[in-house]
1. Using the Cα atoms of segment B:186-260, I'd like the radius of gyration and the largest Cα-Cα distance, Dmax, both in angstrom.
2. Net charge near A:Ala206, counting Lys/Arg +1 and Asp/Glu -1 over other residues with Cβ under 11 Å of its Cβ?
3. So which aspartates and glutamates pass the test for A:Lys43, namely a Cα distance under 17 Å, with those fewer than 8 places away in the same chain ruled out?
4. Comparing A:Ser95, A:Ser256, A:Ser221, which has the greatest mean-square fluctuation in the GNM of chain A with Cα pairs linked when under 10 Å apart?
5. When the helices in the protein assembly as shown are scored as -39500 (n - 2.57) per DSSP H run of 4 or longer and the sum is shared across all residues, what 222 nm value do you end up with, to the nearest 500 deg cm²/dmol?
6. Once the mean 1/r over all distinct Cα pairs of chain B is inverted, what Kirkwood radius in angstroms do you read off?
7. Just counting partner chain Cβ atoms within 10 Å, what average do the residues of peptide B:10-21 show around their Cβ?
8. I need to check one value: relative contact order of chain A, counting alpha carbon pairs closer than 8 Å and at least 6 residues apart, in percent.
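What follows draws every value from the coordinates through simple rules; no lab data is involved. This structure is a prediction, so every number in the text was calculated from the model and none was measured. No Cβ is skipped: glycine too gets one built from the backbone with ideal geometry, and neighbour counts run over all protein chains shown.
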Amino acid sequence: MSDNFGEVFHSHIWEEKAEPDNPFTAAACYCRGYDVYGDLLSKATYIEYLYLLFKGERPTQEVAAALQLLAIALANPGPRDPSVHAAMAAGVGGSPAASVLMAALASGAGSYGGGREVLLAMQAWIDCGTNLENWQRYLSSPQAPSRPLFWPQTEHAPGFDPHGVTCSTIVTQTLQQLCRILPDGQLNWLAKEQPALEKAAGIPLAMTGVVAAAFTNLDFSPAEAEMLTLLWRLPGAAAHALEQWQRGFRQFPFFSLDLENDPGVTGLKEKT
Amino acid sequence: MSGPDILKTFEGPMRTKVGACFPGERTVFRGYDLHAEFKHAEWIDLYIFSITGRRLTPIQLKVLQGIWVYTSYPDPRLWNNRVAAMAGSARGTGAQGLGAAIATSEAAIYGRQPEITVADFLIRALKRTEAGESLEQVIRQELGIHKRLLGYGRPVATLDVDERIPVTLDLMQHEGVEIGPHLKLAFEVERVLSEVAGRPLPMTYSAMVVSIPMDMGFSPLECYLYMQPCFIAGMIPCYLEALERPEGATFVMRCDRLEYDGPAHRSWD
């Protein structure tokens with residue numbers, strides 16, 4: 001290629017100091033200025049370290065507590081969720097661990113309950129803020145994003161449950177617990193205006209809606225929240241995939257099909 | 001019908017028209033017996049049928065396959081190929097490297113995103129110009145909504161003619177596949193866009209690889225799916241050569257090749 005590209009990585013997140021005897025081995029790694037293995041390792045919690053990686057600073061106690069709660073809420077959507085189902089389908093056949101998690105990511109990435117739904121719901125928060133009229137206008141005719149176009153069309157208002165009747169107990173419990181930790185901001189507004197928003201959407205609030213409000217409340221960008229949602233949904237997928245491999249494929253549903261255009265065995269004989 | 005009522009109607013045996021296997025007996029593929037109907041078929045014939053439900057002519061398939069051939073670049077520096085190479089360097093599996101590299105190929109600056117975006121634009125632009133609007137007006141309006149017209153101006157070698165375009169035109173001529181309305185418009189957009197932008201923005205291969213199948217009746221989604229395997233042949237050598245090198249020895253980086261520009265050292269206490 002004729003273009004002049006550099007041959008170094010540029011980062012304001014990570015710095016390494018090499019061992020004196022080996023330029024390829026790190027003797028010290030600094031994350032945002034903190035010595036990871038010489039200082040932070042025994043002092044920071046996992047959530048604090050994650051926050052440092054993404055946001056560049058240590059979280060307050062409230063922020064860390066809210067993130068900890070979110071990580072638990074997202075960790076296992078359960079075997080019926082498409083991402084966990086996909087991971088189990090990979091695991092039950094004995095696919096490698098990375099393939100299992102790739103399956104979970106692919107099926108947990110979209111606009112129905114996945115990372116993209118959280119991203120889209122957060123974009124709505126950016127557009128509508130805490131203005132009920134803006135939300136009502138948006139929810140009455142949500143605009144499909146014009147780009148990128150390879151994502152399938154969204155089929156419901158992001159953050160709401162297209163198959164729900166009323167807001168589920170677990171979504172309500174998660175919202176209530178988050179509001180206790182973060183009493184001000186988007187979460188609280190969501191809890192207050194939930195009936196009006198659900199009326200405008202015609203469907204109840206979903207877990208993705210609570211997660212989007214929480215990440216907005218915590219000053220995460222939609223792209224950062226999408227990443228963390230994908231990441232934090234993996235533990236359940238991994239555990240269930242390992243469980244199904246141990247139980248064996250004969251215990252795993254194979255489902256029956258109703259093939260609507262079966263040419264039948266006769267068709268084969270005629271054609272051959 | 002709303003809420004759980006929709007889901008209730010989908011309980012029980014799953015209705016499908018795409019197919020099913022009957023182990024020990026036969027497999028149905030979109031309403032046809034796979035082993036009878038496609039006994040002598042090329043793989044690309046079945047692949048295109050899987051997407052469109054249509055059988056294309058052999059010369060059309062040859063052009064579509066040619067596009068895959070001409071864009072298979074075994075250069076491990078290319079971002080998607082590098083994913084396959086890194087999987088090899090770390091001694092990951094071929095499926096993991098290739099799967100991740102294919103997913104990587106739906107990038108914003110190359111691959112699937114520019115392709116589907118320019119496909120969508122060309123369909124709209126063709127409809128409007130056929131209805132009498134000027135192409136310049138259509139382009140100006142598009143640039144008013146989006147800053148860039150994807151499919152024009154390559155991220156590397158921006159001003160050069162994409163080397164895959166002339167060879168594809170040669171293949172089309174050789175096979176007797178005529179330039180259709182979408183491809184003709186794609187070239188016309190290149191000319192008008194350069195005038196509007198005041199600088200050359202040559203058409204990239206993205207515009208060509210969707211124009212040709214759209215002239216064969218593909219939708220943008222069908223173009224997107226048709227292009228999924230297009231880079232694989234270039235990725236595999238990158239993975240294999242990384243396996244041949246010592247582990248970790250592909251694109252070797254010393255610690256000091258990380259240029260840090262973040263906060264100064266500080267203590268957690």
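1. 19.9, 53
2. So the surrounding residues net to -3.
3. A:Asp35, A:Glu57, B:Asp269
4. A:Ser256
5. -16500 deg cm²/dmol
6. On the way: mean 1/r = 0.0461 Å⁻¹.
Over chain B, the inverse of the mean reciprocal pair distance is 21.7 Å.
7. Shielding by partners across B:10-21 averages 3.
8. Once normalised by length, the contact order is 24 percent.
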